[in-house]
1. Run the numbers for residue 25 and residue 60: contour at 0.36 nm per residue of separation, minus the present Cα-Cα distance, in nm.
2. To make sure I understand, if each residue's beta carbon is the centre and we count other beta carbons within 10 Å, what order do 4, 36, 13, 51 fall in, fewest to most?
3. Within a 10 angstrom radius of the beta carbon, how do 46, 11 rank from fewest other beta carbons to most?
4. Say each of residue 10 and residue 38 gets a label point 7 Å from the Cα, pointing the same way as Cα to Cβ; how far apart are those two points in nm?
5. Could you put 8, 59 in order, starting from the residue whose Cβ has the fewest other Cβ atoms within 10 Å?
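Values in this text are rule-based calculations from the coordinates and carry no lab data. Remember, predicted model here, so these are calculated numbers, not experimental data. Here the Cβ is made from the backbone with ideal geometry for all residues, glycine too, and neighbour counts use every protein chain on show.
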């Protein structure tokens, strides 16, 4: 599974948005958002729930397979709109 920060970065670049624009639209601190994209910070579900709409995405919890899991035994995916 691709790290969440790289997924967010990819969606942001596809939409031709700056990190600053996503941070402002989501209400997430700019430096924190940059750290998430770089893999320096692991975002909480609360933070992802704020970032996703700024990128036109939605969050989905799906049944677990052999991929990386959350403590609940489910994995998190970011999906287009």
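1. Full-extension gain reported as 10.5 nm.
2. Fewest to most other Cβ atoms nearby, the residues stand as 13, 4, 36, 51.
3. If I rank by nearby Cβ atoms, fewest first, I get 46, 11.
4. So the two model labels end up 2.2 nm from each other.
5. Starting with the residue having the fewest Cβ neighbours, the order is 59, 8.
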